[in-house]
Amino acid sequence: MSFEPKIVGFLCNWCTYAGADLAGTSRLQYPPNMRPIRVMCSGAVDSVYILRALLEGADGVFIGGCHPGDCHYVSGNYKTRRRMVLFNSIMRALGLDEGRVLLRWISAAEGKKFADTVTEMTERLRQLGPSPFRKLWEV
Amino acid sequence: MSEPKFSDRVLVIGGGIGGVQAALDLADTGRKVYLVESAPAIGGYMAMLDKTFPTNDCSMCILSPKLVSCARHPNVELMTLSQLVTISGEPGRFRVRIVRHARSVDLSRCTGCGDCLEKCPVKVPNEFEGGLAQRRAIYRLYAQAVPNAPVIDRRFCLKFTKDRCGNCARVCKAGAIDYSQQDEEIELEVGAVINASGSVIVDPQLRKEFGHRRLANVVTALEFERILSASGPYSGHVLRPGDGKEPKRIAWVQCFGSRDESIDHGYCSSVCCMYAVKEAVIAREHNPAIEPTIFYMDIRAYGKEFDRYIERAQKQYRVRFVQARVAEILEQKENGGLIVRYADNGGQRSELFDLVVLSCGLSAREFTGMTVKVDSTGFPVTRLTEPVSSSSAGVFLAGSCAVPVAIPETVMAASAAALKAMTLTVPAAKAVSEEQGGSELDVAGAAPRIGVFVCNCGINIGGVVRVPEVVEYARTLPGVVYAEENLYSCSADTLTKLKQRVRDYNLNRVVVASCSPRTHEPLFQQTLAEAGLNPHLFAMANIRDQCSWVHPDRDRATEKAKDLVKMAVARVRRQLPLKPVKLPVTRAALVVGGGISGMAAALALADTGVDVCLVEREPVLGGMARRIYETIEGEDVQRLLAEMVAQIKSHPRIRIFTEAEIRRINGFVGSFETTVAVAGREEIVRHGVVIVATGAQYRQPDEYLYGQDPRIHTQQELEEIVARQPEELKRLDTVVMIQCVGSREGEHNYCSRVCCTEAVKNALAIKRINPDCDIYILYRDIRTYGTLERYYRQAREAGVIFVRYEETDKPQVKVSEGKLQVELLEPVLKMLLRLQPDWLILSSGVTPYADASILGQLLKVPLQQDGFFLEAHAKLRPVDFATEGVFVAGMCRYPKFIPEAVASAQAAAGRAATVLAREYIEAEPYQAVVNPERCSACGMCEKLCAYRAIEVQVIDERSGRRAAVVNQAMCKGCGACAANCRSAAIDIRGFVAENISRELAALFAED
């Protein structure tokens, strides 16, 4: 059997989670590799959650927030964006492929974009193979 | 005779954004609202839009939470497929008759699963999608429709037309299809009526030469919104309907059915310029290869941030603007291309496009069931200081049923109409007990006893996910003592059973694996509360919208469903009960600014029984209106002003401070404490809300020799001469007016909105007194929007000459041999126009007060880049600040005409009333909590908080120890502080880090 990556998705309640629901209402198919966790704001996604997910065994982590300017909490998504720049530079230093952690703005109306994003991410992780970080608690 | 009983009920007609806003405002103050909508779902035109200008917000995303809270509000009774028949009675005690048309679907049984939609064999054009897609005879208005239940269109349904089929009834497991439903007429008693029925889009068939319906690639702007929409007929790909190809060259034809006397629609529709530019921008965002062209007469970007939007469209998105009126559209038979024939400065031209969008205007909707006086445009007649009151007492107007307006004006009018309705009604008696106080099960220290309920949702989940297997699996999870499957977890009988299970099995946590928490969590939480459990001891696993509906592979969908249940169980295990945070409310208001807006806001609020303190820094009330003598409609502003001042001075609930200054404002929504300096002493005022109405000022020009020659005046100076020394005007031969002086350029890069109308008003006044005087108005765009357009026409008919100039070729003014001389390159004839006016009049615009920022800092509310106050949301919260309990009215938000200022003031009062009506403020349950043991008082959270809700303070006076403290009234629970706390000292209740870690650990644990 081919490798099926497991992805943890932190989805903001107001935009991306709603976009994921819309993908459902519109019956848009995408691979069942993501396990969504609803958070109130993408800005609430602590880097520790991402690391934790990777260490526990996720092959990739997805963070979905509102488009710039659309944040329900004024500016939470900008904070996410800044944090992700820092986070990715740390990941680079640790030798983790950046493609494993993905931040995307997906609105409540973009069911298609949600489905496409999950499809693309799953496809890429299939090619990258299992995460070297799985259970690597000594990091 | 019994005492006159005040009604606690209001009828709102129309479920668009205006009706929804009015209903929510009224319902929040405890009034019972009947919201009547003729369509099967609420949402109106806004639900059809893709994005909104000038922020490009997704329309559905910002609208849908309002629709949902409207449907869920205990004080709102939604009546879809319903229409007003008659109104009788008088304000305070109307009797209204409503006809409710049959849905043929039982709303109390329908779960919104959608099984019936797929099995219906009848396909008809989908009107919501502008006919660009198809729907069934049983259909949902749109995907996120509220209510979500479908409706049977009896015109097409085979059961009704041929008495066969019956598929929908067969597949509906909830038994919700009811072919026997009948239309019914009901009678209600209400105290006030709000008409929010909106406007009608101009029929594209009015001008057949534009070819709508005849030519496949000519669409209306509303149809183009659907083309742009991700949930529209082409899933957001910009394609043309004729052949499904990607169009490259797209033309927008402005003023379709607007400013057009030949079809009896002489007024401007106010919104088309901006929506067309928005559509052009969004189209290019979808596909950068698109070349948009807009054929326009004047670009009417008269709102806040509109001109910058136009500029971005031109420079960044390369939207091409052509000033020309389109004559007709012809089709190239071979490829569906469209030839647009138009006339511009250079004469007759034709150009080829792939797709043409008609920017159809808005026209008045007929007022059915009520008598409302309308003028020749079909829009109702209103008074200057009562912009939302119709000629029929007790009937108020919210939105574009009154005048063509965009969303923010609609929302303002809606809140204003709600305020007016409040003055005729009283809040309903409090329900006996809204909370389950006292009876809640104490779960502290008890081992988790989790019940898991897995929903089949008919076949929506069960058809893919093997539900019995998920139930079996749930039983093996730690803490789970009970698990079962349901046909529909949300049906009334299952909810009763769920409560029974909680009692029978002593459950202290519940997981429901079904659909989305966004739609169903409140329902289950309420059920938990009824069962005596804290509603936060609950988690949902979304195994439908994000599993069975999107993953056809049964094995893998079942595997994912199991994981989702496992995660929900891990999350709920450690979940703690959350109590709503309640804060007291002082039932009084502070209004800052004593101009028209401040006075209107104070009067409006005081009329609802609230004590108001009005603070004005000048010795007299009136503000900017003291310099306005007459409106363009001919109303005497000074008389109205005097009336208003007299009214406010005699109002028992209003205290006025003049020559007063705000020194300090402490506190937060519900309990502010303000220090006012007046007559050399300081006075403390306590209040629950603040309305900022500090106004703006006319700008003093520093260009065109102003101040250096007595023959050069501003429009305000001219207005004063018209009012006080009209004989002066008799000796004038020529007057030149220059528009946009210091506006729409340089540091005032915005349109002041009122100057075009002022110039037209003063020109007409001169013409009345001295018909032989030649008047030239040099302009960039004439922005007499809405029904003001008629005065622009009157001015042209009176012989006023309008000459356009470009920003790059401004008029030159000089004094030569003692004479004023104005030179201008006339862009049509490309000739130098040389004028020698007796007077030169400058329209120099409106600017905010420079010291607005001081009040801004005191209140912790922001200004935008031009120095006007920045509202919470440009579209849907136009008079709210992001800071709760603080509202904005009038010119300090943006230049406005008097009726607009009054509407915004009444709207601010209406919004403020929703706060003051409450006994206490209930803050978000999901709030930040600080563990002071871990907090290092670094202050990072303070810097990051968008609500200024967290602050490092001394927490122990003796030791001087400092730590972050959360202000519960202001925290929204976004989690920005928690995610960035370097000491991991902050958590968000309901989303604590430990629970998320446990959820992750559970997900990857070996079973």
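The values are calculated or read from the model by the stated rules, or taken from the named source; none is laboratory data. Since this is a predicted model, take the numbers as computed values, not measurements. Cβ coordinates were reconstructed from backbone atoms using ideal geometry, including for glycine residues, and neighbour counts include every protein chain displayed. Ligands, DNA and RNA are stripped out before the accessible areas are found, and what is left, the full protein with its side chains, is counted by its heavy atoms. Shrake-Rupley method; radii C 1.70, N 1.55, O 1.52, S 1.80 Å.
Would you work out which of A:Ser26, A:Ser131, A:Val74 lies farthest towards the positive end of the dipole of chain A? Charges go on Cβ: Lys and Arg +1, Asp and Glu -1.
So the residue furthest toward the plus end is A:Val74.
Taking loop as defined by DSSP and a crowding limit of 16 other beta carbons within 10 Å, which chymotrypsin sites (Phe, Trp or Tyr not before Pro) in the stretch B:88-190 fit?
B:Tyr179
Rounded to a whole number, what % of the accessible area of the protein assembly as shown do carbon and sulfur atoms account for, probe 1.4 Å?
Answer for the protein assembly as shown: carbon and sulfur cover 49 percent of the accessible area.
Let me know the charge dipole size of the stretch B:963-1007 about its Cα centre in debye, to the nearest 20, where only the beta-carbon of Lys, Arg (+1) and Asp, Glu (-1) is charged. Show your work: numbers first, answer last.
Working: 4 positive and 5 negative charges, 76 e Å.
Dipole size: approximately 360 debye.
Round to a whole angstrom and tell me the spacing of the C-alpha centers of the stretch B:663-712 and the stretch A:90-139.
52
With every protein chain present, what accessible area does A:Ser89 have (1.4 Å probe, heavy atoms only), rounded to the nearest 10 Å²?
50
Express the accessible area of chain B per residue in Å², computed with a 1.4 Å probe while the remaining protein chains stay in the model.
I get 40 Å² per residue for this part.
With every protein chain in place, what's the accessible area of B:Lys814 (1.4 Å probe, Å², nearest 10)?
Number for this one is 90 Å².
Using Cα pairs under 8 angstrom and six or more residues apart, how large is the relative contact order of chain B, in percent?
Contact order relative to length: 11 percent.
Which GluC sites (Glu not before Pro) in the stretch B:938-967 sit in a loop by DSSP (not H, G, I, E or B) and have at most 13 other Cβ atoms within 10 Å of their own Cβ? Show your work: numbers first, answer last.
On the way: sites: B:Glu942, B:Glu951, B:Glu957; in loops: B:Glu957.
In loop regions of the stretch B:938-967 (DSSP not H, G, I, E or B), the sparsely surrounded GluC sites (Glu not before Pro) are B:Glu957.
Size of the dipole of the stretch B:450-573 about the Cα centre, Lys and Arg at +1 and Asp and Glu at -1 on the beta carbon, nothing else charged, in debye to 20?
On the way: 16 positive and 13 negative charges, 54 e Å.
Approximately 260 debye in magnitude.
So if I take the centroid of the Cα atoms in the stretch B:249-268 and the same for the stretch B:510-531, what is the distance between those two points in Å?
Comparing the Cα centres of the stretch B:249-268 and the stretch B:510-531, I get a distance of 50 Å.
Rounded to the nearest 10 degrees, what's the angle between the helix B:517-530 long axis and the longest principal axis of chain B, both from Cα atoms, 0 to 90?
Tilt relative to chain B: about 60 degrees.
Based on a Kirkwood Rh over C-alpha pairs, give the Stokes-Einstein translational diffusion coefficient of chain B at 10 °C and viscosity 1.306 mPa s in µm²/s.
Details: Rh = 31.4 Å.
Rounded to a whole number, D works out at 51 µm²/s.
How far, in degrees from 0 to 90, does helix B:596-606 lean away from the longest principal axis of the Cα atoms of chain B, to the nearest 10?
Roughly 40 degrees, rounded to the nearest 10.
For the stretch B:699-845, what class follows from the C-alpha gyration tensor (a ≥ b ≥ c being the square roots of its eigenvalues): rounded when a/c is under 1.5, otherwise prolate if a/b is larger than b/c, else oblate?
Details: a/c = 1.23, a/b = 1.05, b/c = 1.17.
Verdict is rounded for the stretch B:699-845.
With every protein chain present, what accessible area does B:Val381 have (1.4 Å probe, heavy atoms only), rounded to the nearest 10 Å²?
B:Val381 exposes around 60 Å² with every protein chain in place.
Cα axis of helix B:492-504 to longest principal axis of chain B: angle in degrees, 0 to 90, nearest 10?
Tilt of helix B:492-504: around 50 degrees.
Quick one: order A:Trp14, B:Trp252 from most to least accessible surface, probe 1.4 Å.
From most accessible down to least: A:Trp14, B:Trp252.
Under unit Cβ charges (Lys, Arg +1; Asp, Glu -1), what dipole magnitude, rounded to 20 debye, does chain B have relative to its Cα centre? Kindly include the intermediate steps, with their values, before the conclusion.
Values: 123 positive and 122 negative charges, 390 e Å.
So the magnitude is around 1880 debye.
In Å² (nearest 100), what accessible area is buried between A and B, both sides summed, heavy protein atoms only, 1.4 Å probe?
Separately minus together, A and B give about 4500 Å² buried.
Just reorder B:Leu621, B:Leu832, B:Leu78 by solvent-accessible area, largest first, 1.4 Å probe, all chains present.
Ranked from most to least accessible, the order is B:Leu832, B:Leu78, B:Leu621.
Quick check: Cα centre of the stretch B:833-858 to Cα centre of the stretch B:570-605, how many Å?
Using only Cα atoms, the two centres lie 36 Å from each other.
Sort the stretch B:200-363 into rounded, prolate or oblate with this rule: let a ≥ b ≥ c be the square roots of the eigenvalues of the Cα gyration tensor; rounded if a/c is under 1.5, and if a/c is not under 1.5, prolate when a/b is larger than b/c, oblate otherwise.
Because its axes are fairly even, with a/c under 1.5, the stretch B:200-363 counts as rounded.
Ignoring everything except DSSP H segments at least 4 long, calculate the 222 nm mean residue ellipticity for chain B; use -39,500 (n - 2.57) per segment, divide by total residues, nearest 500.
-7500 deg cm²/dmol
Positive end of the dipole of the stretch B:70-141, charges at C-beta (+1 Lys, Arg; -1 Asp, Glu), about the Cα centre: which of B:Gly130, B:Val105, B:Phe94 has its Cα farthest in that direction?
The residue sitting farthest along the positive end of the dipole is B:Phe94.
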